[in-house]
Amino acid sequence: MTALELTHQITNLRSTLKTFTRRFTNDREESSDLVQDTILKALMYKDKFTQDTNLKGWLFTIMRNTFINNYRKNQRARTSNDTTKELYFLNVEDTHTFNSPSGRFEYQDIWKNVNELRDELLIPFKMHTSGYKYHEIAEHLNLPIGTVKNRIFHARKEIQKKLTGY
């Protein structure tokens, strides 16, 4: 079987794979992602497929392993280890929520202090907290990347000084 024929057969099994995802999840988004990941991995590693073996079984194995690996990765991301003596952090109430009235006041106070920064620090800092990368900020402001990093660092330090009560 040629690589083109294998690719064609893999893509023709999309609906079968979609049905098989119901064993793992009922979420449509997650199901579609799982099918796409499976097909992508199968196409990337089609040279590993052995001629005259069960293609559908091979794809199902890829899908199952992908699901298990993603599940384990998500579990590790949610797990936190408490290494303190007597498990102190497991029994501590979460006091950093912005849903409470005092939390909302904290949030507003923090942003009031952030907005009091001088513009040369405020603009790069706000761009960085909005998701811009250092090099994008540097291009937008026509500054060297080191200057951008320095200004963001100093903005953080000034904000930390102002918020010592928190």
What number of residues within segment 117-142 satisfy the criterion of being among the aliphatic types (A, V, I, L, M) and surrounded by fewer than 16 Cβ atoms within 10 Å (Cβ to Cβ)? 1
Filter result (modelled with pLDDT of 90 or more and among the hydroxyl-bearing types (Ser, Thr, Tyr)) within segment 122-166: TYR134, THR147
Per the filter on segment 116-159, residues assigned to a helix (DSSP H, G or I), among the polar types (S, T, N, Q) and either more than 19 Å from GLU106 (Cβ to Cβ) or outside the structural domain of GLU106 (by TED's automatic domain parsing) (or both) are THR147, ASN150
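The values are calculated or read from the model by the stated rules, or taken from the named source; none is laboratory data. A quick note: this is a predicted structure, and the numbers were derived from the prediction, not measured. Positions of Cβ are backbone-derived with ideal geometry, glycine not excepted, and every protein chain shown enters the neighbour counts.
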